[in-house]
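Written below as C-alpha cells is the structure these notes are about.
Values quoted throughout were computed directly from the atomic coordinates according to the rules given, and no laboratory measurement underlies them. In this text, all values refer to a predicted model and were calculated from it rather than measured experimentally. Backbone-built Cβ (ideal geometry, glycine too); neighbour counts: all protein chains shown.
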Amino acid sequence: MLHYLAPVIAASAEWLERTYAAASTPVLSAWAGIQARQATTVAAWLRYPTVVDAALVAMAGPGGAGRLDALVAPVPAPAEPWRSWVDEVVVSWAACLLTDADVARDAVAAAVTTEHASGLALDFRPLLRPDTIETRAAALLRHPDLVRPVAGLYRAELLARVRNADAPPTTVP
C-alpha cells in the first residue's frame with residue numbers, strides 16, 4: 001500500500017525543500033519540489049522495500065528531523081507536527097541521489113524492483129535528467145558541497161543497498 005509511506009515521503013521532501021530552498025518564483029519552487037519528492041520517493045522505496053516494512057514505519061514512526069535540524073541549522077527549528085514524519089535516512093539518501101547522477105540512476109533501477117513500484121508507470125526524468133529550468137530551480141538542493149553533511153550520514157548504506165539490489169537474498173546456515 002503506497003499510502004503507508006506517503007507521510008514519510010512528504011515530510012522528508014518538505015525538509016529538503018525548506019532547508020535548501022533557493023527558488024525565487026513559485027514555478028521554480030514547484031520544480032525543486034518535484035525533484036525533492038522524486039528523490040525521497042526513491043529513497044523511501046529503497047529503505048522500506050516491502051509493504052510490511054512500510055506498514056511498520058507507519059505504525060512506529062520514522063524518528064523525526066531533530067538530528068538533521070541540529071546538523072544544518074544554527075537556530076532550532078520550530079516544533080511543527082510534520083517534522084516528526086521526517087526520516088533522516090531517507091533524507092540522507094535523497095540528498096545523495098540529488099547530487100550524484102550515477103547513484104541516482106542505480107537507485108532508481110533498484111527502487112523500481114520494490115513492491116511499491118509494481119504495476120506503476122514511472123517517470124523519474126526530473127531526478128535523473130533535469131533540464132535547464134529544473135537545474136536552476138534546485139541549485140542549492142543539488143549542490144554537493146551544501147548537502148554533504150546530510151548526504152554523508154548514510155551514503156555508505158545507500159551504496160551497499162544499491163549494489164546489493166541485484167544479489168539474491170542470502171540465507172544464514
Magnitude of the charge dipole, the range 2-163, Cβ model with Lys/Arg +1 and Asp/Glu -1, debye to 20: 180 debye
Rounded if a/c under 1.5, otherwise prolate or oblate - the range 1-88, Cα gyration tensor axes: oblate
GNM result for the chain, Cα springs below 10 Å: residue of 104, 65, 117 fluctuating most strongly: 117
Largest-first principal axis extents, alpha carbons of the range 37-173, Å: 49, 38, 28
Rel. contact order, % - alpha carbon contacts under 8 angstrom, at least six apart, the range 20-173: 36 percent
